[in-house]
Amino acid sequence: MNMPQIDILEKDFSNFDGVINHCPHGYRVLDYVPVGICIFDKNYQVIFWNKCLAQWSNVEPPDIVGKNIIEKFSTLNSPGFKERVDYVFKGGPPVLFSSQLHRNTVPCTLSDGSYMIQKTVISSMPSSAKPDEYFALMAIENATELSRKVSEYRTLRNKAMEEVKLRKKTEEDLRETNKKLIEHQDIKMNEERLKVLLEMSGATAHELNQPLMTLLGTIELMCMTQDIPEETLKYINNIEKSARRIANIVSKIQQIRQYQTKKYLNDVSIIDFNQADPLADSSTEVKI
Amino acid sequence: MDKINISHEQLEAIKELCNIGVGKGASVLNTMLSCHITLSVPHVKIVSSKDFKEELKLFAKDSSISAVSLSFKGTISGSAQLMFPTETASSLVAVLVDESDDLDMDALRAGTFCEVGNIVLNGVMGSISNILDLTFDYSVPEYIETDPENFINKPSVTQQDSHVLLARTRFSIDELDIDGDIALFMKIAAIHTLIETIEKKFEF
């Protein structure tokens, strides 16, 4: 077997009879390490309990040495604990207990009343007295500060993530509002244009209708006159055609209900008079 | 000795040892956690450190690698590692502790991942140790997070004659299926010793 032996463990183990009423002298050096140390045998009876662990847990060595550690601390009676640790007594690999899955192995109250969060490693420790016999060395680290720092970091990170999320949503809302505002502006502008257009078309139609009626009436009277030369009658018919065409345009102006333009020459837009009547003559248009 | 000759039966025996080991690990995890976890080893192979480098780059994709490393010394010496791409490792911990999946692999998660790795690797090493009657001296498991290139440059991987016994392990937890690698880094001589021990034990 290729097992390294720790010198301090060479002493006192020949006297170990299962229950030790005092701390083996060789372990005393473990009283000076800043981690909680406990050594127990395969029956889970405590052999050594260092000063650090005594201070943290308020359990003095005489109150725990020789007693069953699982019976003393119910936190160790969790599912899987014994199953994992049993293998340590056969020389198996160290067993880890993380602070997230096991808040603590030995409950220790801190000055603020909260429980210490712990990280625990239980390692196999060969006995110098009996070959193939192993003890369990439980080393407990105080992971409270680390856990608090990580929790603070997570809180800050989540807050930052929330802020980023909120900012993205605000930006999205702003874009949407801006889009609606532009749409609203377009609608208002079109309404204004239409209003002006309707006023203009109404006035135009009204003002043009009066002289147009006079013109058409006069043409009709002229046509009823006897002995008009044929050449003159031809001219009168042309005047009547144009007057009726003007009457048609006036009628279309009266029918305008929306502001609708179409392209004209040189990038100029003109009001589309044919909007209400798609079959109407496309030559009837007004430049704006 | 610079080449590994291993028969199909020997490889199957190693696969069986790994399956027994991860089965024990799954059993422990199921007693500890509220979710149900199934572990299996679909295939096992032995690759050179050079080939492993390429495998690891493909396995990690663009992520860093998170690993739990357990070194052992004895009749056979080497290092056992459970490896995942870091994002996958973080997702695994998130499922196991019922947390949201959008957190980084911080110190708390690294500690939890280290415990999960410890349980799985202890199962595998315990299985090898018990069934083959081998005794090891173990170091305390440690968490490693690095990019694949740095991981590959570790001395244990880059040694000229080191080989890797690679066991692809499937973690099935509720509806999540993820693959991790259990890698046993050993020198060629150690792998030969392992194969010889298996031959004697199973009388191939």
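The values are calculated or read from the model by the stated rules, or taken from the named source; none is laboratory data. Computed from a predicted model, the values in this text were never measured in an experiment. Note that each Cβ is placed from the backbone with ideal geometry, even for glycine, and that neighbours are counted across all protein chains shown. Areas reflect the complete protein model, heavy atoms only, side chains present, ligands, DNA and RNA absent. Shrake-Rupley method; radii C 1.70, N 1.55, O 1.52, S 1.80 Å.
Just to be sure, is B:THR88 away from chain A (no Cβ under 14 Å) and surrounded by fewer than 23 Cβ atoms within 10 Å (Cβ to Cβ)?
yes
The one condition from (1) more than 9 Å from chain A (Cβ to nearest Cβ); (2) under 26 Å from A:ALA139 (Cα atoms); (3) part of a loop (DSSP other than H, G, I, E, B) that B:VAL140 does not meet is (1).
Among the residues of the stretch A:223-237, those that are open to solvent by 80 Å² or more (accessible area, probe 1.4 Å) and not hydroxyl-bearing (Ser, Thr, Tyr) comprise A:MET224, A:GLN226, A:ASP227, A:GLU230, A:GLU231, A:LYS234.
Scanning the stretch B:60-78 for residues that are open to solvent by 10 Å² or more (accessible area, probe 1.4 Å) and away from every other protein chain (no Cβ under 11 Å) yields B:LYS61, B:ASP62, B:SER63, B:SER64, B:GLY78. When A:SER99, A:SER147 are screened for being part of a helix (DSSP H, G or I), of a type outside the set (Phe, Trp, Tyr) and within 11 Å of chain B (Cβ to nearest Cβ), only A:SER147 passes. If only residues of the stretch B:29-52 that are hydroxyl-bearing (Ser, Thr, Tyr) and outside any helix (DSSP H, G or I) are counted, the one that is least open to solvent (accessible area, probe 1.4 Å) is B:SER48.
Rundown of residues vs (1) basic (Lys, Arg); (2) assigned to a loop (DSSP other than H, G, I, E, B), yes/no style:
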site	(1), (2)
B:LEU82	no, no
B:ALA89	no, no
B:SER100	no, yes
B:GLY126	no, no
B:LEU165	no, no
B:ARG168	yes, no
B:ILE178	no, no
B:ASP181	no, no
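Across the stretch B:95-113, what is the total count of residues that are within 18 Å of the chain's Cα centre (by Cα) and either more than 7 Å from every other protein chain (Cβ to nearest Cβ) or open to solvent by less than 10 Å² (accessible area, probe 1.4 Å) (or both)? Explain how you work it out, then say what you get.
Of all residues in the stretch B:95-113, those within 18 Å of the chain's Cα centre (by Cα) come to B:110-113.
Remaining after also requiring either more than 7 Å from every other protein chain (Cβ to nearest Cβ) or open to solvent by less than 10 Å² (accessible area, probe 1.4 Å) (or both): B:110, B:112-113.
Summing the residues that are within 18 Å of the chain's Cα centre (by Cα) and either more than 7 Å from every other protein chain (Cβ to nearest Cβ) or open to solvent by less than 10 Å² (accessible area, probe 1.4 Å) (or both) in the stretch B:95-113 gives 3.
Taken over the stretch A:61-78, the criterion of being within 14 Å of another protein chain (Cβ to nearest Cβ) and farther than 27 Å from A:ARG154 by Cβ is satisfied by A:LEU76, A:ASN77.
Going residue by residue through the stretch A:168-190, is there one that turns out to be modelled with pLDDT under 90 and either under 24 Å from the mean Cα position of the chain (by Cα) or not in a strand (DSSP E or B) (or both)? Looking through the stretch A:168-190, at least one residue is modelled with pLDDT under 90 and either under 24 Å from the mean Cα position of the chain (by Cα) or not in a strand (DSSP E or B) (or both).
Filter the stretch A:101-117 for residues that are under 36 Å from the mean Cα position of the chain (by Cα) and among the aliphatic types (A, V, I, L, M) and give the result. Once the filter is applied, which keeps residues that are under 36 Å from the mean Cα position of the chain (by Cα) and among the aliphatic types (A, V, I, L, M), the stretch A:101-117 yields A:LEU101, A:MET116, A:ILE117.
Among the residues of the stretch A:121-143, is any within 13 Å of chain B (Cβ to nearest Cβ) and either within 33 Å of the chain's Cα centre (by Cα) or more than 20 Å from A:PHE40 (Cα to Cα) (or both)? Yes; the residues of the stretch A:121-143 include at least one that is within 13 Å of chain B (Cβ to nearest Cβ) and either within 33 Å of the chain's Cα centre (by Cα) or more than 20 Å from A:PHE40 (Cα to Cα) (or both).
Before we move on, is A:ILE249 in a helix (DSSP H, G or I), among the β-branched types (Val, Ile, Thr) and surrounded by 11 or more Cβ atoms within 10 Å (Cβ to Cβ)? Let's see the steps before the verdict.
Working: in a helix (DSSP H, G or I): yes; among the β-branched types (Val, Ile, Thr): yes; surrounded by 11 or more Cβ atoms within 10 Å (Cβ to Cβ): yes.
Against the criterion (in a helix (DSSP H, G or I), among the β-branched types (Val, Ile, Thr) and surrounded by 11 or more Cβ atoms within 10 Å (Cβ to Cβ)), A:ILE249 qualifies.
Across the stretch A:81-96, which residue is farthest from the chain's Cα centre (by Cα) among those that are at the interface with chain B (Cβ under 7 Å from one of its Cβ atoms) and surrounded by 19 or more Cβ atoms within 10 Å (Cβ to Cβ)?
First, pick out the residues of the stretch A:81-96 that are at the interface with chain B (Cβ under 7 Å from one of its Cβ atoms): A:83-84, A:87, A:91-96.
Cutting the leftovers down to surrounded by 19 or more Cβ atoms within 10 Å (Cβ to Cβ) gives us A:84, A:87, A:91-96.
On the way: A:ARG84: 40, A:TYR87: 45, A:GLY91: 49, A:GLY92: 45, A:PRO93: 42, A:PRO94: 40, A:VAL95: 38, A:LEU96: 35 Å.
Applying the filter and picking the extreme gives A:GLY91.
Taking the stretch B:65-101, which residues are within 14 Å of B:PHE171 (Cα to Cα) and among the aromatic types (Phe, Trp, Tyr)? First the steps, then the outcome.
In the first step, residues of the stretch B:65-101 are kept if they are within 14 Å of B:PHE171 (Cα to Cα); the result is B:82-85, B:88-96.
Listed by number, the list holds a single entry, B:PHE84.
The single condition from (1) more than 30 Å from A:VAL35 (Cα to Cα); (2) open to solvent by less than 80 Å² (accessible area, probe 1.4 Å); (3) at pLDDT 90 or above; (4) within 14 Å of chain B (Cβ to nearest Cβ) that A:ARG157 fails is (3). Within the stretch A:70-85, being free of Cβ contacts under 8 Å to residues at least 40 places away in the same chain and either among the β-branched types (Val, Ile, Thr) or within 30 Å of B:ALA80 (Cβ to Cβ) (or both) holds for A:ILE70, A:THR75, A:LEU76, A:ASN77, A:SER78, A:PRO79, A:GLY80, A:PHE81, A:LYS82, A:GLU83, A:ARG84.
Residue check: B:ASP179 meets all listed conditions (1) open to solvent by 20 Å² or more (accessible area, probe 1.4 Å); (2) farther than 18 Å from B:ILE20 by Cα; (3) under 17 Å from the mean Cα position of the chain (by Cα); (4) not hydroxyl-bearing (Ser, Thr, Tyr) but one, namely (2).
Do we have B:GLU55 as over 17 Å from B:SER129 (Cα atoms), open to solvent by 10 Å² or more (accessible area, probe 1.4 Å), modelled with pLDDT under 90 and touching a Phe, Trp or Tyr at 6+ places or on another chain (Cβ under 8 Å) here? Talk me through it step by step, then tell me what you get.
On the way: over 17 Å from B:SER129 (Cα atoms): yes; open to solvent by 10 Å² or more (accessible area, probe 1.4 Å): yes; modelled with pLDDT under 90: yes; touching a Phe, Trp or Tyr at 6+ places or on another chain (Cβ under 8 Å): no.
Judged against the criteria, B:GLU55 is not a match.
In this entry, B:ILE191 is excluded by the filter for residues that are touching a helix residue (DSSP H, G or I) at 6+ places or on another chain (Cβ under 7 Å) and either part of a helix (DSSP H, G or I) or hydrophobic (A, V, I, L, M, F, W, C) (or both).
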